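A short worksheet on the structure shown next.
The values are calculated or read from the model by the stated rules, or taken from the named source; none is laboratory data. Owing to the predicted nature of the structure, the values given are computational and were not obtained by experimental measurement. When we count neighbours, we look across all protein chains shown, and the Cβ atoms used for this are built from the backbone with ideal geometry, even at glycine.
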Amino acid sequence: MATIVKVFVDTSALLAVLDGDDPNHEAAAGMLKAALHDDDAFTHNYVHVEAEQLVRRRLGALFAERLLSEVLPALRTVWIDEGIHTEAVGGLYKKGRAASLVDEVSFVLMRRLGVETALAFDTDFEREGFRRPEGQRRHTLSETPASYGSPSEASNLVSVSEVAARSGRSVNTIQSWRRRHPDFPSPSVELAAGPIWLWDDVSTWIERRSRRGVAPA
C-alpha cells in the first residue's frame, strides 16, 4: 500500500491553480490533483482569508467564488488555535525581516504536525527547510481514471488558458464569454484546477458567431 503523505497547500499554489496565466499553473494543477488523489492535502483557515483576498484582487470575484466553493472544500482545513497564533507572532518578531504572519503560522503548524512537504511557490518555504511534492503525478479526482479516448481526442481537451491561447484572446476575455453568452459551450468536465472543454465545441461556437457577423466580445 502506498504511503500517505501529508501535503500543506499554500496561498501561492492556490493562486497558481486558478490563474491560467501563472507560470506555475500547470505544475500547481498537476501536483494538487495528485495530492488530492493520493495524499492528505490540507491547509488552514488563515490561508482561506489570505487566498480569497489575493484571488479577488488579481483575478476577480468569479475566481474568488470558485476558490471558496470548489477548491478549498476539496482540502482538509486545520483551524488555528491561540497557541499556534501566539507562537507564530513570536517567531515573526525574532526573524527581524519582512515576513508574512500567515506563512509563519503555516511553518509552526507544519512543524507541530511533522509535515515536510508544502505545495507552495513562495521561496520562504524552501528557506524554512520544507520541500515540494516530488514529480507531477497526473490523476483525476476520482479513483477511476477518466477515459478520454485516443491521443488525438485527448489533445482536443482544453482549459481556459488553452482556449485563450488557441483563440488569440486573453483569459479574461474567455471568462467574459462564459458569463455573457448563455450559449457558450458547457465544460466536458469540472476539475479542481478548473473546467475542461473539447476544443472542437469552442472553436465551432466562435466560428458560428463570426459567420453571423457577431464576433464574440
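Values computed for the structure shown
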read-out	value
Number of the condition not met by VAL115 [criteria: (1) part of a strand (DSSP E or B); (2) in contact with a Phe, Trp or Tyr (Cβ under 6 Å, 6 or more places away or on another chain)]	(1)
Matching residues in the range 55-92 - criterion: being more than 22 Å from ARG179 (Cα to Cα) and in contact with an Asp or Glu (Cβ under 7 Å, 6 or more places away or on another chain)	ARG76, ALA88, GLY91, LEU92
Failed item in (1) more than 30 Å from THR173 (Cα to Cα); (2) under 14 Å from the mean Cα position of the chain (by Cα), with LYS95 passing the rest	(2)
Some residue of the range 53-69 being closer than 18 Å to THR123 by Cβ and touching a residue at least 12 places away in the same chain (Cβ under 8 Å)	yes
Condition check for PHE107: out of contact with any Asp or Glu (no Cβ under 7 Å at 6 or more places or on another chain), surrounded by 14 or more Cβ atoms within 10 Å (Cβ to Cβ), aromatic (Phe, Trp, Tyr) and assigned by TED's automatic domain parsing to the domain that holds GLU26	no
